[in-house]
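Scroll down for the structure; my scribbles are underneath it.
Any read-out appearing in this document is the output of simple, stated calculations on the displayed coordinates, not a laboratory observation. Fair warning: this is a prediction, and the values are worked out from it, not measured in the lab. Glycine also receives a Cβ, built like all others from the backbone with ideal geometry; neighbour counts cover every protein chain displayed.
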Amino acid sequence: MPAVSVANPLALPRVERLAPGARPRPVYLVVTASTYLEGEGFQVRRPFPGLDLGIADPFLLLDHIGAVEYAPGEAKGAPWHPHRGFETVTYMIDGALEHHDSTGGGGYITDGATQWMTAGAGILHDEVPPAWLVQKGGLFHGVQLWVNLPAAMKWTPPRYQDIDAGRVTLLSSFDGGALIRLIAGELGGYSGPGVTFTPITYAHVTLSPGSRFESPWRPDFNALAYALNGRGRAGAERRPFGEGQLVVFGNGDGIILEADEVQDSRAPQLDVLILGGRPIREPVVFHGPFVMNTREEIVQAIRDYHAGRMGQIPPTRIDFSKLHGDRGPAVREQHPGG
């Protein structure tokens, strides 16, 4: 880590610090992620659900996968399964996944790339490590975020966005000490490439030891920060947090994050996901891979799935890693302006 870097962060556009007199959002809560097994048996850390979904709204779930060094034959994925009523956003920091779905969409997600799948009215998909990663083993580190859809959009046709690492908007903090990878939404007047139905901001920020990140934040959005690795402090009160912990901010004009001066040798920087969105404030009925507004809609989703109305599994599986000519994980570097 990081999967996407730059030779000179000082040459990037800057996200300005909070204006004089602006009120930093205080830290409302720090949540330590719980550990679960998913898919074919891979381990994830999950700060929510478990947290009151009203606090995380419009986000439904955040799974942190790794960082883990797989031995040959150990890498596992999530075989074919259905979804309805929300979007899945998979961000790969290290390693790789292949995505296939019943609409014929899919792609190869690796080293800073993101796949954005809108399940909408219903879809079948899988996410599996490519054959080379299963055979050889290697480093694997990624995050999956579930974003709710409002009732009016739950029946939208499925769609797939492949956000290659080269399309991510790269920014720097006011002092150049933090590299910001803006995946979706707006931050400091800049926009990320992800197209969203639900208004959100989603970014990966790397803070060098002792550096500080400040940013104005939309007043109608909630604000969350999840530590992928490293240690730091949040808010004007400098509340400590570290790897596997989620910071929930209260109301205010902007957010503040700082990296501790001394970090562990295995994680020399603080890497944080920052995310926020406009709460939907609608009833949520959560049943496995379906997220709807009523129990009746969940029952209908189960019936539709068993009746084959969410699509069919394609007869053949494309090995996207071969199409990309990838022989294994590689760190990507971008330079400002290209």
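Between residue 260 and residue 174, what length comes free when the chain is fully extended (0.36 nm per residue of separation minus the Cα-Cα distance, one decimal in nm)?
Difference between extended and current length: 29.2 nm.
When the Debye formula is applied to the Cα atoms of the range 159-308, each taken as the same point scatterer, what base-10 log of I(q)/I(0) results at q = 0.09 Å⁻¹?
Each listed q corresponds, in turn, to -0.36.
Non-local amide H neighbours of residue 61 (under 5 Å, H modeled in plane, Pro and chain starts lacking H): which ones?
Hits under the 5 Å cutoff: 146.
Taking the alpha-carbon centroid of each part, what is the distance from the range 247-278 to the range 145-174 in angstrom?
For the range 247-278 versus the range 145-174, the Cα centre distance is 21 Å.
Quote to one decimal, in nm, the extra length available between residue 238 and residue 156 on full extension: 0.36 nm per residue of separation minus the C-alpha distance between them.
25.3 nm
Taking other Cβ within 10 Å of each residue's Cβ, how do 147, 6 sort, fewest first?
Working: 147 25, 6 17.
With the sparsest Cβ surroundings first, the list reads 6, 147.
Can you sort 87, 296, 258, 69 so the residue with the fewest Cβ neighbours within 10 Å comes first?
296, 69, 258, 87
222 nm [θ] for the chain, helices only, -39500 (n - 2.57) per DSSP H run of 4+, per residue, to 500?
After summing the helix terms and dividing by residue count, I get -2000 deg cm²/dmol.
Just want the ordering: 90, 103, from fewest to most Cβ atoms lying within 10 Å of their own Cβ.
Ascending number of Cβ neighbours within 10 Å: 103, 90.
Considering every pair of different Cα atoms, what Kirkwood radius, in Å, is found for the chain? Walk me through the numbers on the way to the answer.
Working: mean 1/r = 0.0493 Å⁻¹.
Across the chain, the inverse of the average 1/r is 20.3 Å.
Just subtract the alpha-carbon distance of residue 32 and residue 281 from 0.36 nm times their residue separation and send over the number in nm, one decimal.
87.2 nm
Taking springs between alpha-carbon atoms closer than 10 angstrom, which of 247, 195, 272 fluctuates most in the Gaussian network model of the chain?
Maximum fluctuation in the GNM of the chain, among the listed residues, is at 195.
Sort largest first and round to whole Å: the equivalent ellipsoid semi-axes of the range 104-180, each the square root of five times a Cα gyration tensor eigenvalue.
Working: eigenvalues 139, 101, 22 Å².
The equivalent ellipsoid of the range 104-180 has semi-axes of 26, 22, 10 Å.
Pairs of Cα atoms under 8 Å, at least six residues apart: use those to get the relative contact order of the range 10-311, whole percent.
That works out to 22 percent.
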